[in-house]
Amino acid sequence: MPSDTDWRSLIPRSVRTAPADLLAVVVAVVLTCGAVTVPGVRDTPLRVVLGLPFVLFVPGYAVIAALFPESGPSVAANGDADTGDWTGIDGIERVALSFGTSIALVSALGLLLNFTPWGLRLVPIVVSIGLLTVAAVVVASRRRAALPESERFGVTVRSSLPDGQALFSSDSRTDAAFAVVLILCLAVAVGVGGYVVAAPGSGESFSEVYVLTENQSGQLTAEDYPTELTAGEPTPFTIAVGNHEGAQTDYVVVSQLQRVRVANNTTTVLERESLTRYRPSVEADSTWRTEHAVTPTMTGDRLRLTYLLYEGTAPAEPTAENAAQAVHLWVNVTDPSSESS
């Protein structure tokens, strides 16, 4: 007759012997990453329920666990504190430090992401917090394993379990229920993680417009734009529209040459010249490009070559204020007759 503990052999020993609190932290990271990326889940209250502890507590707890792997001083029956030589912290201190550390870490990560190409967007923030938390969990697990068992901090179900059955061997119904719930959480975490890997394109939706020009080697680049234009003569540019809305989208791109006045941090358009208008239909997660020759008639210094992006249709009077996206370049346009005279 097979033993009632044979099912435990199906679970890797590293999971069976892992500290319950650190394992729960990893589960929380994976579930939160799924809650903010999986379609149909990211728009539900589950995103908030998992997101709040993920931001306010989980990363700080993992870092504090790595910094203080020791258990706090125990209290004897006579009320005296244990005089062991390890310097752990008690549960209340650990929780308080976890909240404070989480707030500090998330703020620092947000500041760093603001100077990266990813910016302050939801998915980069969640991924960076998750990676930091998992790294701290690995360090905490290794530091605890290096300590004598009596000195390790841990949230255990029973303190006298045989090796290899730290989480899943118990005669009490409460401990058995805890094991079942933990296994279910791990199964859900693996499923969500697999879905996130299989469908990495899900995330925030947005559209973008940008201007490119050819460099000396003939490659398109977003720098070294021509700034000296001649009235009546075409100057080549390339317009690009990126669709990250999750579905095919119709756009309108309006280009204008504007004479503006800048005073007291306020830009006022004094005169505008309409150049071209494009109406591309762009597939989801695709980029549309077209060559665009700017042939101005307005002349002057520091004119603003502006591109306005609209979804669907454009208003009768397109402006930077009513556009979904807007980009501009500063150019000087000279009169060819003045050059020859």
Practice task
Could you tell me which residue of the range 215-236 is nearest to Arg302 (Cα to Cα), considering only residues that are acidic (Asp, Glu) and surrounded by fewer than 12 Cβ atoms within 10 Å (Cβ to Cβ)?
Solution key: Glu228
Completion exercise
Scanning the range 285-307 for residues that are out of contact with any His (no Cβ under 8 Å at 6 or more places or on another chain), open to solvent by less than 90 Å² (accessible area, probe 1.4 Å) and on the phi < 0 side of the Ramachandran plot gives Ser286, Thr287, Trp288, Thr290, His292, Ala293, Val294, Thr295, Pro296, Met298, Thr299, Leu303
Problem - Filtered residues of the range 42-55 (kept if of a type in the set (A, V, I, L, M) and either crowded, with 16+ Cβ neighbours inside 10 Å or within 16 Å of the chain's Cα centre (by Cα) (or both)) - result: Leu46, Val48, Leu50, Leu52, Val55
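The values are calculated or read from the model by the stated rules, or taken from the named source; none is laboratory data. Note that this is a predicted model, so its numbers are computed, not measured. Using ideal geometry, Cβ is built from the backbone for each residue, glycine included, and neighbour counts are taken over all protein chains shown. Note: areas computed on protein heavy atoms with side chains; ligands, DNA, RNA excluded. Shrake-Rupley method; radii C 1.70, N 1.55, O 1.52, S 1.80 Å.
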